[in-house]
1. Find how much the distance from Arg448 to His379 grows on full extension, using 0.36 nm per residue of separation minus their present alpha carbon separation; answer in nm with one decimal.
2. Check which residues have an amide H placed less than 5 Å from Phe369's amide H, if you skip close sequence neighbours.
3. Once the piece of chain linking Trp290 and Tyr205 is laid out straight, how much longer is it, given 0.36 nm per residue of separation minus the C-alpha distance between them?
4. Sorted by accessible area (1.4 Å probe), largest first, how do Leu38, Leu402 line up?
5. Please calculate how many Å² of accessible area segment 364-436 carries per residue, with a 1.4 Å probe and no DNA, RNA or ligand atoms counted.
6. In nm, give the distance between the simple-model label positions of Tyr456 and Ala168, each being 7 Å from the Cα along the Cα-to-Cβ direction.
7. Pull out the extension gain between Ala65 and Ala144, defined as 0.36 nm times the separation in residues minus the alpha carbon to alpha carbon distance; nm, one decimal.
8. When only the heavy atoms of the protein chains count and the probe is 1.4 Å, how do Arg336, Arg443 rank by accessible area, highest first?
Amino acid sequence: MAVRSLRAVLLTASVLTAAPVLAQEQSTEARLDRLERLVEGLIARLDAEATTHQVEEAEIREQSAALLAATRDLKDRQAELAQQIAVPKGQEDKGFRVGKTTVAYAGYVKLDTLVQRTSGGQMPDNSIGRDFLIPALIPVGGTASGYDTDYSARQTRFILKTATDVGAAHTLNSHIELDFNVTDGGDERTTNSYVPRLRQAFITYDNWLFGQAWSTFQNIAALPDSLDFIGVTPGTVFDRQPMIRYSKNGWQIALEQPETTVTTPTGARIMAGDDTIPDVVARYNLNRPWGSLTAAGIVRTLRISDDDFGTGTDSAMAYGLSLSGKIKVGEKDDIRFMATAGDGLGRYIGLNIVNDAALDAAGKLDPIFTWSGFAAYQHHWGGRLRSSVAGAYFKADNPVMLTTRQVTDESWNGFANLIWNPVDPLDVGIELLYAERTLEDGRTGDLRRVMISTRYNF
């Protein structure tokens, strides 16, 4: 009886395992479950029967146990195979396959129309400050400009991504991102052509990232929905650079490119280029149904050598803390914010509004303390209309005896916009923006802008 039962089970197993695995993942899983139950039932029956023919029964039980183990191993392999199949299938929805690699692309095409006026002087026609808000470029102390009109497609962006199937145990991806901002190559007279620039280029392998990406000290998820390239420039950490980063369970640790910027005794900027120790960033991301919070800390070593100022080699410690997040309000609205403070953070804040340090009379570095922040509220009006209002602020504690009084003391800005989304890939919006910059000597300049943008995401 037991021998016949075992033969029946073995026959069932051969039928089940002959099913096409790749085409029938769900039915194969069900069949494997049935096979496992059959083998378990056979072993139970063998244990319950009389012990006649004990040798034969022992052999059958041994063979049945081996079959049960093989069945369970096959189930494990089936689940692993199903996972391997699911990942490429999901990727193919966004791109195309080349061997074991899925290639996908994304980005957007954007046209900006800007009309703006500056109270403290005329911004040059080719200045990048006419394309988006850069606080350090707001003119101060001069004669007010007229209203300048500019059209620009320079924010247009292209992203290329790859994901290579290296088995269920590992993930291997890459990301390359280009746009045309802050580059040479054309003018408004004839061609308006601009050279592509590298924004991001990195590899991810499991929890590791290698390459150029947004600084771990910055939380781009907290940035408001603005038509301006950044929107709240004075109040935000903003930096992309090469790094090595490890991420797990909300924690991120990174070693990032060092670069020291120093204000000379005449108020000019020197980028020393003598750094030897990478900037170290630690960050924790908390995600909950009500929103997200991010806390980040950075430690830096600022350094100059004798060839910079002829005063010998010196180094100084710098540090900073940043708290940011996005809190949900109702079904679709949210509040976004960031607060940052530290000593020697200059190049990380507001596109380097002030520098990391000044140089004292003895040739020693004196880190410059700064604090900054922003808050924004996004509201959905129902249907396909949404708005954001935001404000940002920056303050520096410059050692004016070392930097002169011609450097930026503070800067702030605010904006409000209305964005229409007629179809999902397309946004059309209008934004009003006001920004000010004040020097240590009290002189102030402002920028007033109306911006209309059309953006197609692909």
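The values are calculated or read from the model by the stated rules, or taken from the named source; none is laboratory data. On a predicted model such as this, the values are computed, not experimentally measured, just so you know. Cβ: placed from backbone, ideal geometry, glycine included. Neighbour counts: every protein chain shown. Quick note on the areas: whole protein, heavy atoms, side chains included, nothing else; ligands and nucleic acids left out. Shrake-Rupley method; radii C 1.70, N 1.55, O 1.52, S 1.80 Å.
1. 22.5 nm
2. So Phe369 has HN proximity to Gly344, Asp397.
3. Values: separation 85, 0.36 × 85 = 30.60 nm, distance 3.03 nm.
Difference between extended and current length: 27.6 nm.
4. Leu38, Leu402
5. Solvent-accessible surface per residue comes out at 46 Å².
6. Distance between label points: 4.2 nm.
7. Numbers: separation 79, 0.36 × 79 = 28.44 nm, distance 8.92 nm.
Difference between extended and current length: 19.5 nm.
8. Arg443, Arg336
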